[in-house]
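These notes concern the structure reproduced below.
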Amino acid sequence: MKMLVIHQFFWAHYKAKIYTELQKVVDKHPKDELLVLQTALNEFTRAKIGSIDYSIHQYNVKVLFEDFYENTTIWQRTKKSIEWVNRFKPDVVNLPGYYEPAMNLVLFYCRLKGIKVVISADSTEGDNPNVWWREALKRFVVTKAQGFFCYGSKSAEYIFKLGMKPKHILVANNAVDNQRVESVYNAAIFDRKNSKEAYNLRKYNFIYVGRLISVKNLDNLLAAYKPLADTEWGLIILGDGSEEEKLKQYVADNHLDGVKFIVGQAWYNVPKILALGDVFILPSYSEPWGLVVNEAMACGMPVIVSNKCGSAFDVVKENQNGYTFDPYKVEELTNVFNKFVEESDKIVPFGKKSKEIIKRFSPEQVAEEMYEGFKKVVYEYQ
């Protein structure tokens with residue numbers, strides 16, 4: 001069985017671990033072969049989040065364009081991808097989503113050639129406004145595939161709604177390198193006291209990690225924290241982005257001394273900053289999954305996650321390892337914050353539960369499910 005995976009960005013470290021584990025699975029079967037095509041090195045919006053760590057890409061890989069994704073055209077991506085389809089002659093191709101014109105053209109080419117197609121689907125129904133004609137187009141594309149690797153149960157539900165059946169969902173999981181994240185976090189926790197003093201942090205801290213852009217809902221995050229400004233709880237915001245100055249101005253205007261901004265870090269340094277916090281928060285208006293939630297849970301942290309994030313429905317167990325909330329309701333988030341402010345003894349047991357839950361969401365498990373999914377599509381589905 002020959003498996004061809006096409007992915008957009010070589011930078012994506014979490015995919016590097018999954019593909020590395022998939023390669024290990026494939027290597028156990030001498031007649032099987034895996035090739036991963038990385039379309040480009042990175043995208044503009046993530047250019048500041050650390051350089052590419054080539055050492056973690058331990059799988060058969062080819063980078064199509066040594067450039068930013070935005071500097072390539074639809075026709076360039078289509079042409080290069082089809083060239084490799086013809087050269088590699090796969091039994092099954094895994095494509096990244098159903099929204100990118102170049103990949104849709106590759107999908108139709110593969111079907112014309114009788115090659116099975118598996119689509120990686122990260123969108124959920126609540127991601128963006130659903131316009132009828134766009135939904136019809138999605139349905140047309142989706143129903144041309146034989147299987148789907150979904151980013152969680154909400155993504156799978158959306159695929160059902162677009163016309164597919166439960167048997168077509170081959171993976172409904174998403175993962176980061178739990179072991180590496182945890183090891184970096186554990187090393188940093190030993191010097192936590194000194195690091196907190198260096199940053200002038202409060203006794204307890206909520207922490208957000210991500211880009212400072214409007215969809216992340218940081219305006220409401222700060223508004224929800226405002227009533228807690230005089231408590232012993234602070235708020236750490238780690239990241240860079242277009243909203244940075246506006247957010248800092250809000251903090252200054254409202255005298256929110258407990259808020260600490262920390263410049264964005266390379267992905268492998270993020271667990272060091274997570275070690276400064278006590279409870280992780282992801283307040284996004286829209287998030288297909290939110291892998292930083294996995295990272296926080298691998299570090300043994302309680303999590304507060306917007307119910308517009310795909311991961312909220314799979315890894316957050318209410319009043320066990322964290323809480324979900326409506327990102328449009330500031331008071332609701334303040335109330336969730338207060339659950340920890342009023343009962344700080346929840347932090348440790350909630351964190352232990354997080355570590356227990358996230359074990360199932362491992363790169364090794366995802367890789368095994370991907371391989372079995374490829375087999376089903378190639379040998380069972382017509």
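The values are calculated or read from the model by the stated rules, or taken from the named source; none is laboratory data. All values reported here derive from a predicted model rather than from experimental measurement. Positions of Cβ are generated from backbone atoms using ideal geometry, with glycine treated the same way; all protein chains shown enter the neighbour counts.
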When residues of segment 96-127 are filtered for being touching a helix residue (DSSP H, G or I) at 6+ places or on another chain (Cβ under 8 Å) and assigned to a helix (DSSP H, G or I), how many remain? 9
So the strands (runs of 3 or more DSSP E) completely within segment 194-282 holding 3 or more residues that are more than 17 Å from the chain's Cα centre (by Cα), of a type outside the set (Gly, Ala, Ser) and modelled with pLDDT of 95 or more are 204-209, 233-238, 259-262
Enumeration of residues in segment 348-363 that are surrounded by 16 or more Cβ atoms within 10 Å (Cβ to Cβ) and either touching a helix residue (DSSP H, G or I) at 6+ places or on another chain (Cβ under 8 Å) or farther than 27 Å from Asn173 by Cα (or both): Ser354, Lys355, Ile357, Ile358, Phe361, Ser362, Pro363
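Table: residues versus (1) farther than 30 Å from Gly114 by Cβ; (2) not in a helix (DSSP H, G or I).
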position: Val292; (1), (2): yes, no
position: Met297; (1), (2): yes, no
position: Tyr328; (1), (2): yes, yes
position: Asn335; (1), (2): yes, no
position: Val341; (1), (2): yes, no
position: Lys353; (1), (2): yes, no
position: Arg360; (1), (2): yes, yes
position: Gly373; (1), (2): no, no
One residue is enough: does segment 149-160 have a residue meeting the conditions at pLDDT below 90, of a type in the set (S, T, N, Q) and closer than 24 Å to Ser284 by Cα? no
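So that you can scan it fast, the table gives a plain yes or no per residue for (1) farther than 27 Å from Ser344 by Cβ; (2) touching a residue at least 40 places away in the same chain (Cβ under 8 Å); (3) buried (at least 21 other Cβ atoms within 10 Å of the Cβ):
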residue	(1), (2), (3)
Gly239	no, no, yes
Gln249	yes, no, no
Gly258	no, yes, yes
Phe261	no, no, no
Lys272	no, yes, no
Ile281	no, yes, yes
Tyr285	yes, yes, no
Scan segment 131-158 for residues that are of a type outside the set (Ser, Thr, Tyr), assigned to a helix (DSSP H, G or I) and under 19 Å from Val293 (Cβ atoms) and jot them down. Lys154, Ala156, Glu157
Counting only residues in segment 299-324 that are part of a strand (DSSP E or B) and either touching a residue at least 40 places away in the same chain (Cβ under 8 Å) or out of contact with any Asp or Glu (no Cβ under 8 Å at 6 or more places or on another chain) (or both), the one surrounded by the most Cβ atoms within 10 Å (Cβ to Cβ) is identified as Gly322
Filtering segment 159-193 down to residues that are in a loop (DSSP other than H, G, I, E, B) and of a type in the set (A, V, I, L, M, F, W, C) yields Leu162, Met164, Ala175, Val176, Phe190
Could you count how many residues in segment 184-201 are in contact (Cβ under 8 Å) with a residue 24 or more places away in the chain, within 16 Å of Leu274 (Cβ to Cβ) and not hydrophobic (A, V, I, L, M, F, W, C)? 5
Step by step: first the residues of segment 5-51, then only those that are part of a helix (DSSP H, G or I), of a type outside the set (A, V, I, L, M, F, W, C) and over 27 Å from Leu238 (Cβ atoms), then the one that is farthest from the chain's Cα centre (by Cα). Which residue is that? Asp27
Taking segment 68-95 and keeping residues among the β-branched types (Val, Ile, Thr), farther than 15 Å from Arg111 by Cα and not in a loop (DSSP other than H, G, I, E, B) leaves Ile74
Some residue of segment 57-67 being over 27 Å from Asn178 (Cβ atoms) and buried (at least 19 other Cβ atoms within 10 Å of the Cβ): yes
